[in-house]
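Participant: Please see the structure below; I have some questions.
The values are calculated or read from the model by the stated rules, or taken from the named source; none is laboratory data. All values reported here derive from a predicted model rather than from experimental measurement. Counting neighbours? That spans all protein chains shown, and the Cβs are built from the backbone with ideal geometry, glycine included. These accessible areas exclude ligands, DNA and RNA; they are computed on the full protein's heavy atoms, side chains included. Shrake-Rupley method; radii C 1.70, N 1.55, O 1.52, S 1.80 Å.
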Amino acid sequence: MTLTHDADMHDTADLHGAATRESSAAPREVATMSMAAALNLALADAIEADPDVVVFGEDVGALGGVFRITDGLTARFGEDRCFDTPLAEAGIVGTAVGMAMNGMRPVVELQFDAFALPAFEQIVSHVAKLGNRTRGRVRMPLVIRIPFGGGIGGVEHHCDSSEAYYAHTPGLTVISPSTPQDAYSLLRAAIAASDPVIFLEPKKLYWTKGEVDTSVTAEIGTARIARDGTDVTLLAYGASMPLALEVADTAAAEGRSVQVVDVRSLSPFDDATVTAAVRSTGRAVVIAEAPGYASVASEIQARVFERCFEFLAAPVRRVTGFDVPYAPPKLEHWYLPDVDRVLDAIDTLHWGDDA
């Protein structure tokens, strides 16, 4: 089996089929909770459902993780199922590779986005390539959870948006949820998948709340229409989704109907949903926190141009972080995309009422 970026070339039988479909016999349990609680519940349910699932990383045991995502798991399931590791990211991921090769389903937490970089060689050289290197005889059913992005007033190495590194690497599935429901459903799907998943958690959304239905399943590789609109399509993911929805509300007050698409799956990418959405409005703006140069936002922009050119009334715009190292806490509000920057981009989209 050759692993590749394109959704239609992924091992869909294993990757998508692993996201178990909703069963009519499954109990329906709906509750309002934070994204952090939804992730915690997903981990607990996965551990309980599959004896091969183990969770480990720095301070994930007694402390419950820096953001308390693993809170209570060690007390409930024991140190064999959720345990602390030394401060050695390459060792954490290397251990997960060995476990996955031998039939386990490790879920590792790398505390912050830039803290994952010491493990990058393991991820790109082994996690991403072992399936292809062995022609599918060795699979990597492991999940690497990484809190990413800004908005929490953190210092450098704590607020990076490193998604482009992983999305650029064939063999990795890259996901970023923006709601508690997707956090639960997509993490369950990721843990059940037979190939490696980089699960990027927008840390500034950890304490946002929403309804979670544990009977709802998610299919990896699909985008979601978060809001209908007819004038322009905003394409966003992870931490940028609340901003996109806020822009849509503000633009509605100004008389413009804004459609919002939650990309969610950065690789594989849902070209069908995104293309249909942009063609329906003829205008698009991509929003992301990461620097714009050679970014996921660049890739989305290029894919939209290639597939929607004859339907576009204006060039596709991007609103991203700036091409500089992440700003210090007191300046990050200048760095991150905001409502005014997105509205300014929308205003450039060749409207017929322009003066």
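Participant: Of 200, 352, 57, which is farthest on the positive side of the dipole of the chain, counting Cα position, with +1 on Lys and Arg Cβ, -1 on Asp and Glu Cβ, and the Cα centre as origin?
Facilitator: About the Cα centre, the residue reaching furthest to the positive side is 57.
Participant: Now for a different question. Please list, or write none, the aspartates and glutamates whose alpha carbon is within less than 13 Å of the alpha carbon of residue 209, excluding same-chain residues fewer than 8 places away.
Facilitator: 182
Participant: Under the definition of Cα pairs under 8 Å and six or more residues apart, what whole-number percent is the relative contact order of the stretch 217-355?
Facilitator: Working: 246 pairs, mean separation 34.6, N = 139.
Relative contact order here is 25 percent.
Participant: Still on this structure, please answer the following. For a distance above 28 Å, tell me the whole-number percent of Cα pairs in the chain that qualify. Please list the in-between numbers first.
Facilitator: Numbers: 25718 of 62835 pairs.
Every Cα pair in the chain considered, those over 28 Å come to 41 percent.
Participant: Shifting gears a bit: Quick test of the membrane-span-like rule: which DSSP H helices of the chain reach at least 20 Å along their long axis (C-alpha atoms) with mean Kyte hydropathy at least 0.5? Write out the running numbers ahead of the final one.
Facilitator: Working: long enough: 35-49 (21 Å, 1.33).
In the chain, the long hydrophobic H runs are 35-49.
Participant: Continuing with the same structure: Write down the radius of gyration of the stretch 61-137 and its Dmax, each obtained from C-alpha positions, in Å.
Facilitator: 13.7, 40
Participant: Averaged per residue, what accessible surface does the chain expose to a 1.4 Å probe, in Å²?
Facilitator: Working: 14620 Å² over 355 residues.
Using a 1.4 Å probe on heavy atoms only, each residue of the chain averages 41 Å².
Participant: Let me know the shape class of the stretch 274-330, please: from the alpha-carbon gyration tensor, a ≥ b ≥ c as square roots of the eigenvalues, rounded when a/c is under 1.5, otherwise prolate if a/b is greater than b/c, or oblate. Can you show the working numbers first?
Facilitator: Values: a/c = 3.30, a/b = 2.60, b/c = 1.27.
It is prolate, given that a/c is not under 1.5 and a/b is the larger ratio.
Participant: Something else now. Within 10 Å of each candidate Cβ there may be at most 12 other Cβ atoms; applying that plus a DSSP loop requirement, which chymotrypsin sites (Phe, Trp or Tyr not before Pro) in the stretch 246-355 survive? All intermediate terms of the calculation are to be shown ahead of the outcome.
Facilitator: Details: sites: 269, 293, 305, 309, 311, 322, 326, 334, 335, 351; in loops: 269, 293, 322, 326, 351.
When the chymotrypsin sites (Phe, Trp or Tyr not before Pro) of the stretch 246-355 are filtered for loop state and at most 12 Cβ neighbours within 10 Å, 293 remain.
Participant: Another question, then. Which number do you get for Rg(Cα) / (2.2 N^0.38 Å) in the stretch 170-236? It would help to have the intermediate numbers written out before the result.
Facilitator: On the way: Rg = 13.2 Å, N = 67, 2.2 N^0.38 = 10.9 Å.
Here the Cα radius of gyration is 1.21 times the empirical estimate.
Participant: Order the peptides 199-209, 134-144 from the highest to the lowest mean number of other Cβ atoms within 10 Å of their residues. Before the final figure, lay out the partial values.
Facilitator: Details: 199-209: 21.5, 134-144: 18.5.
Output ranking for 199-209, 134-144: 199-209, 134-144.
Participant: Which one, 123, 112, 138, is farthest towards the positive end of the dipole of the stretch 76-148 when Lys and Arg carry +1 and Asp and Glu -1 on their Cβ?
Facilitator: 138
Participant: When the scattering of the stretch 232-355 is computed by the Debye formula from its Cα atoms alone, each counted once and equally, what is log10 I(q)/I(0) at q = 0.12, 0.15, 0.19, 0.23 Å⁻¹?
Facilitator: With no solvent term, the Cα-only Debye profile gives -0.41, -0.65, -1.03, -1.45.
Participant: For the charge dipole of the stretch 134-289, defined by +1 on Lys and Arg C-beta atoms and -1 on Asp and Glu C-beta atoms about the Cα centroid, which residue among 272, 154, 172 has the Cα displaced farthest towards the positive pole?
Facilitator: Value computed over the given set: 172.
Participant: For Cα pairs less than 8 Å apart in space and 6+ apart in sequence, what is the mean separation divided by the residue count of the chain, i.e. the relative contact order in percent?
Facilitator: Relative contact order for the chain comes out at 18 percent.
Participant: For the stretch 190-304, what number results from the quotient of the Cα radius of gyration and 2.2 N^0.38 Å?
Facilitator: Relative to the rule-of-thumb radius for its length, the stretch 190-304 sits at 1.09.
Participant: Same structure again: Could you size up the charge dipole of the chain around its Cα centre, putting +1 on the beta carbon of Lys and Arg and -1 on that of Asp and Glu, and report it in debye to the nearest 20? Spell out each step's value before the answer.
Facilitator: On the way: 28 positive and 49 negative charges, 120 e Å.
Around 580 debye, computed over the chain.
Participant: A follow-up question, please. Given a 10 angstrom Cα cut-off, can you work out which residue in 323, 271, 182 is the most mobile in a GNM of the chain?
Facilitator: 323
Participant: What percentage of the solvent-accessible surface of the chain, computed with a 1.4 Å probe over protein heavy atoms, is contributed by carbon and sulfur atoms? Don't jump to the answer; show the numbers that get you there.
Facilitator: On the way: 7820 of 14620 Å².
Carbon plus sulfur share of accessible area: 53 percent.
Participant: Further, regarding this structure: Defining a contact as two alpha carbons under 8 Å apart and six or more residues distant in sequence, what relative contact order in percent does the stretch 61-184 show? Mind showing how you got there, number by number?
Facilitator: Numbers: 152 pairs, mean separation 26.1, N = 124.
After rounding, I find 21 percent.
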